[in-house]
Amino acid sequence: MSKKDQVKKMLPWVKRQHRPLTATAPRPGLHDHVDLCQSPMTMSEEQSKLNKTKTQPRKLRLLGQFLKTPEINEAREIHEIPPNELETILCKFFISVRKPSGDDYEPTSLRSMLSSFERHLKRHKYMYSLISSIEFNEVRETIKAKQKKLKKDGKGNLPRTAEAATDEEIEILWESGQFGSHSPEAIINTMWFYNTVHFGLRGNTEHRNMCWGDVSLCTDSSGREYLEFSERQIKIRTGENPRDTRKVKPKMWDIPANPRRCPVAIFKKYLSLRPAGYTNSDDPYYIATHSRGLPRPGEQWFRHQPIGINKIGSLMKNMATAANLPPNKCLTNHSARKHLIQKLSDQNIPPTQIMQISGHRNIQSVNAYSTISENQHREISGILNNQVATPNYSTSNPCQTSIPSVM
């Protein structure tokens, strides 16, 4: 193709990129026909458009106030600012914008603000679109990132997301009798919690599908007993690929110094109290209890039937209520799985090793679960202030690092 033909081929695209945007003529796509003779918007149409936006001045005022802050110090109107400068300003605006009360806006409000600014720019025949032009791609990505964060924080008219259970809250569950081996409910609660944090099971369906043969009682070379989990079909490993399995089978060791909280001891008691003949490999792991509280002497503790999925799904919520944990914190079954990842992250266990316990297949998923702890934040602040030495983050071979027990 000659150079002249190449120029002719590019000419329609160049015209589209530099065509001013109007309220009656949306920006054409790359494969749309451009009518260069289209008449401009009439005064009546302009007035109609202005009437529709009379309910939107607050958003523009909000941006105007941001432009006047010392950090920005911008006297021009947004339609007078070149796209490369306006993109940077809008990214900073959407990152920092909050309500007068200091609360975050809803995720949909951020998109509404962008649309309001877009209409303003169109009325002033700005040559680029905040919605579609590549010049403002960073603005759109910034909004998406903040929307995801807000949704994770419980915004967007959605129920609040589960929060990681803390060591203090776990201790309260032990002291209040929600965990232990003194009652059928306590055994089920404890087995569910240990299986979640040591085997990385997700809080509901994976427990419901768990079978008795998935857990094996083993002994290591030093004579210590441990429970080993063999994973079946789960959310991210459906069984379609036989090679897609965990590289390491999760294990949890006994606690000889504390038999009351020893997972192996509680497992053995659970085994001894199950109905006769209900310990086959394909029998359900979690089975229903005969009575609430402490059974009478001679009364059977467990029934010959599985626990319902709804009961499994509400275990953590029911325990938190019974233990009088603060109601303002969102504790669900997922809180135990978050506890696992947050606790290991706080102990500087590398994400590649956490993945072997949690069952995740990529580091990004692990990082999304954990947040910086107060102690870590304090250490980082000290490092930045040149007050302390760099903490010794583990970088050793995953096979050589000992992962602490998550209790």
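The values are calculated or read from the model by the stated rules, or taken from the named source; none is laboratory data. It should be emphasised that the depicted structure is a prediction, and the values quoted were computed from it without experimental measurement. Virtual Cβ from ideal backbone geometry, glycine too; neighbours counted across all protein chains shown. All accessible areas refer to the heavy atoms of the entire protein, side chains included, with ligands and DNA or RNA removed. Shrake-Rupley method; radii C 1.70, N 1.55, O 1.52, S 1.80 Å.
Tabulated values for the structure
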| quantity | calculated |
| --- | --- |
| Per DSSP, loop trypsin sites (Lys or Arg not before Pro) in region 289-353 with at most 13 further Cβ within 10 Å | Arg292 |
| For Arg232, distant residues with modelled amide H under 5 Å away | none |
| Whether region 272-339 is rounded, prolate or oblate, judged on the alpha carbon gyration tensor where a/c under 1.5 counts as rounded | oblate |
| Computed label-point distance, nm, for sites Thr279 and Ser101 using a 7 Å Cα→Cβ extension | 5.7 nm |
| Quarter of Cα convex hull surface for region 86-204, i.e. mean projection, nm² | 11.5 nm² |
| By accessible area with a 1.4 Å probe, ligands and nucleic acids excluded, highest first: order of Asp167, Asp282 | Asp282, Asp167 |
| 5 angstrom amide H check on Ile287, placed H, neighbours 5+ away | Ile307 |
| Taking only Cα atoms of region 104-173, radius of gyration then Dmax in Å | 18.3, 63 |
| Rg/Rh (Cα only; Kirkwood hydrodynamic radius) as it applies to region 266-310 | 0.95 |
